[in-house]
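Notes to accompany the following structure.
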Amino acid sequence: MAKPDISLTLLPDNQLLQLLAAGSQASYTVIYARYSEVLFRHACHMLEDRAEAEDVIQEVFLMLWTKRAEVAGTKTLSAYLYTSVRNRILNHLTHQKVVDKYLDSMRTYAEAGGYTADEQLREKELAAVIEKEIEAMQPKMREIFLMSRNEQLSHKSIGELLNISDKTVKQQVYKAVKQLKGRVENFLKVIPLLL
């Protein structure tokens, strides 16, 4: 992220929000510089996972830019950002519980010998859905995603290898995960109907 404009760093949040609503990237940079670190520490404390905390902060600031016109009417920016982070964390934890519960039930079936042909078929179908979705990604997004997930490279390493910024890598990984998550969640919603 670029360095914040010194003249803007002195402005109060409400004025920065007005500039942000008008599309000022400089005001966005100041807001990011002002709040990202403290929000990241808060998310780390709640999630106990730096990578997940980074993803949450990335999502919140991406949403702030996307919904900048709506956010302009916010009375307290810090409260809005903390609430956004908290809600993202709660959504993440709730989703993780659902996934963990599903995986636990699959493990229980497998350990009890109840891992039938139906479960094997659904597992293969899920793997096929994931593989198909990865193949459907834009080539650059797919390359970055596979480097991140399969080769387990950091955003910085990927950026250096591909000669792009860390921010671009983060955004591409975020978009890829969101795209995959949507497809997998839709698939998992259909499974109970098949039982």
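What does the net charge come to around Ser148 if you take all other residues with beta carbon closer than 13 Å to its beta carbon, with K and R at +1 and D and E at -1? The answer is +1. Measuring r between the beta carbons of Leu11 and Leu161 and using R0 = 41 Å, the FRET efficiency lands at 0.60. Return the tail of the calculated pair distribution for region 4-65, meaning the percent of Cα-Cα pairs more than 17 Å apart. Result for the distance tail: 42 percent. Only protein heavy atoms count here; under a 1.4 Å probe, Thr9 has an accessible surface of about 50 Å². Listed values for region 60-72 are Karplus-derived 3J(HN,Hα) couplings in whole Hz (6.51 cos²θ - 1.76 cosθ + 1.60, θ = phi - 60°), namely 5, 6, 5, 5, 4, 5, 4, 9, 4, 5, 6, 6, 4, and x replaces Gly and Pro. Stretching Gln152 away from Glu123 to a fully extended chain increases their span by 8.1 nm, per 0.36 nm per residue minus the current alpha-carbon distance.
The values are calculated or read from the model by the stated rules, or taken from the named source; none is laboratory data. Treat the numbers as computed from the prediction; the structure is a model and nothing was measured. FYI the Cβ positions are ideal-geometry reconstructions off the backbone, even for glycines, and counts take in every protein chain you see. Heavy atoms of the whole protein, side chains included, go into the accessibility calculation; ligands, DNA and RNA do not. Shrake-Rupley method; radii C 1.70, N 1.55, O 1.52, S 1.80 Å.
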